[in-house]
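Read through the structure below, which is laid out as structure tokens, and then see the notes.
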Amino acid sequence: MASHAVQGARYDTWMRGRFLEECADPRAVAQLSSAFAHYDRQDIARALWATMELFRWRAVETAERWQYVFPASSDQAVSDLVQQLLAHMNEREHV
């Protein structure tokens with residue numbers, strides 16, 4: 001992993017993310033494209049879940065690296081809430 005969490009604050013990630021693929025964890029770069037959606041509800045929901053997954057595994061790794069406790073119960077609560085909201089939106093769409 002080549003990030004500030006691993007390399008330290010002085011690690012040069014240059015120009016606010018420009019050339020991200022050169023300094024970011026290759027796993028994150030590979031998953032990043034799935035975090036973008038087309039302009040329809042189903043794909044937006046898919047991209048939201050992909051973004052949440054990407055954030056989650058990076059947050060877990062960062063917490064472990066810095067010896068923090070990842071707030072798994074809060075993460076689960078947010079995931080449950082998103083699931084409920086998306087289900088509610090789908091129900092309203094089919095009425």
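The values are calculated or read from the model by the stated rules, or taken from the named source; none is laboratory data. Note that this is a predicted model, so its numbers are computed, not measured.
Which helices (runs of 4 or more DSSP H) does the stretch 11-95 wholly contain that include 2 or more residues that are modelled with pLDDT under 95 and basic (Lys, Arg)?
On the way: elements: 20-23, 26-32, 41-65, 72-93.
Those helices (runs of 4 or more DSSP H) span 41-65.
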Next on the checklist: Just the residues that are more than 21 Å from Ala24 (Cα to Cα) and of a type in the set (A, V, I, L, M), please, taken from the stretch 42-89.
Outcome noted: Ile44, Ala45, Val69, Ala72, Ala77, Val78, Leu81, Val82, Leu85, Leu86, Ala87, Met89
